[in-house]
Amino acid sequence: MDDIAEPGSPTSPTATSSSSSSSSSSSLAANKRPRKDSRHPTYHGVRMRSWGKWVSEIREPRKKSRIWLGTFATAEMAARAHDVATLAIKGRAARLNSPDLAHLLPRPASAAPKDVQAAAILAASASAARRTGPRPRRRPVRPSRPAPGPEI
């Protein structure tokens, strides 16, 4: 009866397996590299160029090639472009950056790369217009009149 270990004791099989799994998970966390900077939002399929522009591309399913979606001024514009392409290629199983805006995104005519690119650019430009709003109309400049004064 001395051979039977109590649960929770160091010789118990459950105690050794749980301690080894926790040490392996902590070693995985230790091997993970921290991000250099988190100054900008992270979107799926979007990256920032070294000179500050945002680009987006998506891999074609079961191919090594990618569909280039474009270069954009903001990360949000690039994310909208990626969302359109993801919906076109993957359908309802798509992982979107902004799932709440999926119903507002344009749909490409087909899954052909040219159609996907065109719809992605349209979504990005609509995103920029929504963000900035319509441009105010400029009033024509009228020549100033001299102030009325007493006539001599």
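The values are calculated or read from the model by the stated rules, or taken from the named source; none is laboratory data. Model, not experiment: these values are computed from the prediction. Reconstructed Cβ throughout: ideal geometry from the backbone, glycine too, with neighbour counts over all protein chains shown. These area figures cover heavy atoms from the full protein model, side chains too; ligands, DNA and RNA do not enter into them. Shrake-Rupley method; radii C 1.70, N 1.55, O 1.52, S 1.80 Å.
Computing the accessible area with a 1.4 Å probe over protein heavy atoms, can you report the carbon and sulfur percentage for segment 46-129? C and S fraction of accessible area: 55 percent. Taking amide H as placed 1.01 Å from N in the peptide plane, residue 67 has its amide H under 5 Å from the amide H of 58, 59, 60, each at least 5 places away in sequence or on another chain. The value of relative contact order for segment 46-129, using C-alpha pairs under 8 Å at least six residues apart, is 28 percent. Each other residue within a Cβ distance under 13 Å of residue 87 adds +1 if Lys or Arg and -1 if Asp or Glu, for a net charge of +3. Taking every alpha-carbon pair in segment 46-129 and binning the separations at 5 Å intervals from zero gives 3, 18, 29, 26, 17, 7, 1 percent. A straight chain from residue 101 to residue 47 at 0.36 nm per residue would run longer than the Cα-Cα distance by 17.4 nm.
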